[in-house]
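Structure first, then comments.
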Amino acid sequence: MSRAAAPPNAVFMPEASALRAPSRGRQAPHRPVPFRSYGPHSAGPLAQATGAPSRPPNRPPAGAPQAVARTVAAAAAAPAPRHPHSAAAAATASGPGKQLGGGGAAAAAAASFIPRRNVATAAYRGVGGFRQRQWPPPLGFPPYLPHPHQSTCQPQHQHQPQSHLAQSGPQGPRPGVSGRSSLFPAARAQWAADARFRLHAAKSSAATTSASGQSSGALQVGSLVEFEKNDRGVLAVLVAQDGKKNWFAADASGRRTSIAPKQVQLVLPGGGYSEGDVAAYVAAAEGADMGLMEIAWEIAAESGAPLDLRELATLLYDDTTPKSLYITHRMLRKDTLYFKPAPRSAAAAAAAAPYGAYVPRSADDVAALRRQQEAAEAARQAAEAWRSAVAGARSAKSRSQQPSAAEWAEGPFADRIAALRAVALSSGQQSGPRLDESALALARSSLQLATSASASGVVSGGGGGGGGSRADPDAAADLLTEIGALRRHEPLQLLRRGLPLTTPQEQEREAMALLASPPPDPDAATREDLTALPVFTIDDASTTEIDDGLSLERLADGGIRIWIHVADPTRWIRPGSGLDAAGAGRTRTLYLPWGSLPMFPRVLAEGPFSLREGQVCDAMSVCVVLGRDGSLQRPRVVPSRVRVSHKLTYDQADAVLAAAAAAATASAEGAAAAGAAAVEGFSLNAAAAADLVALREAALARHAYRQARGCIEIPLPEAKIHVPYSHLDRARPAVTITRVSQWESASRALVAEMMILAGEAVGAIGSEAALPLPYRGQDAPELPPPEVLEALPEGPCRGFALKRCMTRSVVGPQPLRHASLALDAYVQFTSPIRRYSDMVAHHNLKAWLRGEALPFSAGQIESLMAAAGETGRELGAAERESDNYWLAEYLRLNWGAEYPAVALGWQREDLQLAAFLLEREGLEVVVRLPAGAAGAESFAPGNCCVLVPSEVNPATGFYRFYLAGWTSGVLAEVEGEGEEGEEVVEVGEEGEEVVGTQG
């Protein structure tokens, strides 16, 4: 029959003798038919991309033998095999995997005339001179494409470098397609063309066999089924009935499960299967090449018609045996990109689809799904990389082996670190600022992955979830600290309050601009030259902002004039400037155990703003003369220039004053000489020592004057905590706590009294001129009766009682009486570098001296001070939290130490909470006393005891002490009288009484 006479629905196939497969393991003795050209219209997206020749649909390949029609007719007339495993008797092809399942004689014959191996051999001619290496090829791989571990073909003439076999091709790399399916575009195109031919033949044979009503078979012992369990398919063989409806099924591991018929998803054709078949089928399905799905999709997408499982098995493997059907079924179940189950209407339209029908997705859907899968895979890889990085950082033995904080912040996990840092620095309260949802989700995912890495080292997914509905700030901070992205002692107390640890860049730039081009001095014409006066600055050794100094001018009549020199930052900063606004926002410098956060950029605060030793500095100098009783007379304030001649620490000044006091019985010259000798190491001459002694005497006179007016003093020491800034990332930082008290230091008392004197002088000037200034006042407190105070021991015990009675100070634009200082008007004026209210006083006072309009009105001062009060309370809370953290860390580092203490008084007597002062540290603590003679009954202010920490937690700043025993007082005297064998009372670790016997 000629091609023209062939019926339109005839399937053109080569003669069986031309395509007969060689015996297993032998080369084909004939030349295979080269199926290379199918006409100009058959190509789908794959053929168009690879440049493969195309043909119109339903047309035989050019040069196909005319006996194809006769072959198909003979195949259709052949009897159908009765058992799927006996289909090989009707097939001419040999070898494993070629048996046909109960699909009818036509399908068996048609499949037998399209041997998979001969198609592969034909495809070699389109690739180049290749010779066969392995035969037959493994199931699941196109025969002419290389196996991932063993090449099936190799060029005979020219070596092709491996680098040229990249998984790219005309359209670039495709996810989901293995490299073995895209190494040779020409071979791939040829295989696709052959697959189209097989699919056409399968559809034609399906049309013939559909009338016979193919069925997947009823359930019976020996049936091979797949059933649903925990949202996954399980292959098993039915071994026995379980009641009337259910069945016992044995899976690949031999486990037997009772299943209901509704759980069965797939029944493979035939029967008589064994448990060994289950394992073999599962292993074959797991080794299937999912890369073939893309080629199958490109072919199926040309028509878009539904394909049943047999047609897809024929398309993929040229085989419809039960094993091929199951492998194809599992590939479709795994596939999430190319095919989807056909709708019921489409499935009904599909001819005889006992195993369900599938439709190819559109190209747009595949592209969208591919992008989703690429994103999911990228997320999974990123999650795995993060988990590995966290595990690596955790396994490091030292900080030097971990990535630095900068490397974490700038590396590939910068987004995760930023998200975790945002969570770690959040307050964790519902009222706090709301975090970005995407950042919050990323932080939760990062915490979950880090937790899984710590627990089992296994990552379950690509992230997006997290432990709980919101991430815990402490957990995020702990993780960042553990991996080295945060320092071990990062000041979270400040960062969570939004307080930056560095000066913003715009303020730094403005400061550098001021240094490069200083503004004109508005007080240049009236600034007095006081550089001839010796100037003392007395501060802590760690102080870097020097904002006050002292001078003594001896008058011709034998009297003295006291000068208090104050730094003049208003010579550089104008009201309303950027730096002025920044200072108003910060309110004051924040002092912390490891350093300070200055109100202004350090280049200014520690540079031209400060009174630096040996340099001429601009200042505002307060000049006063004291009356015989220490009262203030003729105060004056002038812009000035000064030169600091003596920069002393409190310890150095105390040494000078102590030497002078030791020589008090000698002449004045002898006292000065003794003072000079005591401080010879820092070059304080006799004249300077004499001036320092005279200033001390003036301070004592001022103190006596204020005492006579009813000032209230609280002689309680303070605990000064210090830790080097470089130790913030150490596991054991060097934390020290020093007792500091101005009542125990002559130089501290001197400086404090001189600062009060300057504040009184400015207050008096402002009150007389009716200037709006930030006046500070305090209402008179209700003090305990004098007999109660006199009954308390002098010193800290009285100070504790007075402190509990004090009222809060207030600031306003009009003069206010300050009861504690016993002054009618008082303005804080001596710390303009570190306190913004002092800056306001400088601005208005200097403008008044120049005769200009005041930059701050009374209303503005009132609103500024109200805002400063709120900010000051926030800063005070931050300082207390930081102090508590380092106090707890100090106690942790010295765990087991005992702390001598003195009882101050009851904090809450109803709750048996008593206040104690740690004598060495100057730290006030509250302890709950046990009942009984060993505790509350023996408590009295002034009694001495030993306290021991019972609990510390630096992260929360929490610490707790218990009373270990009394060392003075009534109970201590009784204990001291105990003799050998007597019972004495001590206090146990939890505060209970412990009765023991001393021997």
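The values are calculated or read from the model by the stated rules, or taken from the named source; none is laboratory data. A quick note: this is a predicted structure, and the numbers were derived from the prediction, not measured. Every residue, glycine among them, receives a Cβ derived from its backbone with ideal geometry; neighbour counts consider all protein chains shown. Remember, those area values only see protein heavy atoms, side chains included, never the ligands or the DNA or RNA. Shrake-Rupley method; radii C 1.70, N 1.55, O 1.52, S 1.80 Å.
Descriptive notes on the structure:
- Test: residue in region 835-843 that is at pLDDT 95 or above, under 49 Å from the mean Cα position of the chain (by Cα) and open to solvent by 50 Å² or more (accessible area, probe 1.4 Å): yes
- So Ala305, is it free of Cβ contacts under 8 Å to residues at least 40 places away in the same chain and within 17 Å of Ala201 (Cβ to Cβ): no
- Pro954 falls short on exactly one of the conditions (1) in contact (Cβ under 8 Å) with a residue 24 or more places away in the chain; (2) touching a strand residue (DSSP E or B) at 6+ places or on another chain (Cβ under 8 Å), and that condition is (2).
- Candidates are the residues of region 777-836 that are assigned to a strand (DSSP E or B) and of a type in the set (Val, Ile, Thr); the one that is nearest to Ser767 (Cα to Cα) is Val827.
- Criterion (free of Cβ contacts under 8 Å to residues at least 60 places away in the same chain, open to solvent by 20 Å² or more (accessible area, probe 1.4 Å) and of a type in the set (A, V, I, L, M, F, W, C)) met by exactly one of Ala516, Ala541: Ala516
Conditions tested, residue by residue: (1) within 53 Å of the chain's Cα centre (by Cα); (2) open to solvent by less than 10 Å² (accessible area, probe 1.4 Å); (3) aromatic (Phe, Trp, Tyr).
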position	(1), (2), (3)
Gly559	no, no, no
Ile564	yes, yes, no
Arg571	yes, no, no
Gly583	yes, yes, no
Thr587	yes, no, no
Pro593	yes, yes, no
Met599	yes, yes, no
Glu606	yes, no, no
Arg612	yes, no, no
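- Scanning region 760-772 for residues that are under 17 Å from Trp848 (Cβ atoms) and either assigned to a helix (DSSP H, G or I) or touching a Pro at 6+ places or on another chain (Cβ under 7 Å) (or both) gives Ala761, Val762, Gly763, Ala764, Ile765, Gly766, Ser767, Glu768, Ala769, Pro772.
- Of the criteria (1) in contact with a helix residue (DSSP H, G or I) (Cβ under 7 Å, 6 or more places away or on another chain); (2) open to solvent by 20 Å² or more (accessible area, probe 1.4 Å); (3) of a type outside the set (A, V, I, L, M), which one Pro832 fails: (2)
- Selection within region 908-934 - open to solvent by 10 Å² or more (accessible area, probe 1.4 Å) and in a strand (DSSP E or B): Arg908, Leu913, Leu923, Glu924, Val926, Arg928
- Here region 875-907 is the region considered, the condition is being in a loop (DSSP other than H, G, I, E, B) and of a type outside the set (Phe, Trp, Tyr), and the residue that is least open to solvent (accessible area, probe 1.4 Å) is Ala897.
- Filter result (part of a helix (DSSP H, G or I) and either hydrophobic (A, V, I, L, M, F, W, C) or without any contact (Cβ under 8 Å) to a residue 60 or more places away in the chain (or both)) within region 848-862: Trp848, Leu849, Ala858, Gly859, Gln860, Ile861, Glu862
- Any pair with Cβ under 9 angstrom, 6 or more apart, that starts in region 773-798 at a residue that is closer than 18 Å to Glu862 by Cβ and ends at one that is surrounded by 16 or more Cβ atoms within 10 Å (Cβ to Cβ) and among the acidic types (Asp, Glu): Pro774/Asp838
- Options Ile737, Ile765, Ile756: the member that is over 52 Å from the mean Cα position of the chain (by Cα) and either open to solvent by less than 40 Å² (accessible area, probe 1.4 Å) or on the phi > 0 side of the Ramachandran plot (or both): Ile765
- Any chance Leu845 is over 28 Å from Ala704 (Cα atoms), touching a Gly at 6+ places or on another chain (Cβ under 8 Å) and outside any loop (DSSP other than H, G, I, E, B): yes
- Number of residues in region 237-266 that are under 52 Å from the mean Cα position of the chain (by Cα), surrounded by 14 or more Cβ atoms within 10 Å (Cβ to Cβ) and among the aliphatic types (A, V, I, L, M) equals 7.
Residue by residue, here is whether (1) in contact (Cβ under 8 Å) with a residue 60 or more places away in the chain; (2) at positive phi; (3) among the charged types (D, E, K, R) holds:
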position	(1), (2), (3)
Leu864	yes, no, no
Leu875	yes, no, no
Tyr885	yes, no, no
Arg908	no, no, yes
Ala915	yes, no, no
Leu929	yes, no, no
Cys944	no, no, no
Ser968	no, no, no
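- Filter result for Ser258 (assigned to a loop (DSSP other than H, G, I, E, B), at pLDDT 90 or above and under 18 Å from Lys229 (Cα atoms)): no
- Taken over region 268-325, the residue count meeting the criterion of being in a helix (DSSP H, G or I), modelled with pLDDT of 90 or more and among the aromatic types (Phe, Trp, Tyr) is 2.
- Just one of the numbered conditions (1) at pLDDT 90 or above; (2) surrounded by 12 or more Cβ atoms within 10 Å (Cβ to Cβ); (3) in a loop (DSSP other than H, G, I, E, B) is not true of Ala382: (3).
- With respect to (1) assigned to a strand (DSSP E or B); (2) in contact with a helix residue (DSSP H, G or I) (Cβ under 7 Å, 6 or more places away or on another chain); (3) without any contact (Cβ under 8 Å) to a residue 60 or more places away in the chain, the lone exception for Ile737 is condition (3).
- Taken over region 574-603, the residue count meeting the criterion of being in contact with a His (Cβ under 9 Å, 6 or more places away or on another chain) and among the aliphatic types (A, V, I, L, M) is 0.
- Where strands (runs of 3 or more DSSP E) fall entirely within region 549-632, those with at least 3 residues that are more than 20 Å from Leu515 (Cα to Cα) and at pLDDT 95 or above are at 560-567, 616-626.
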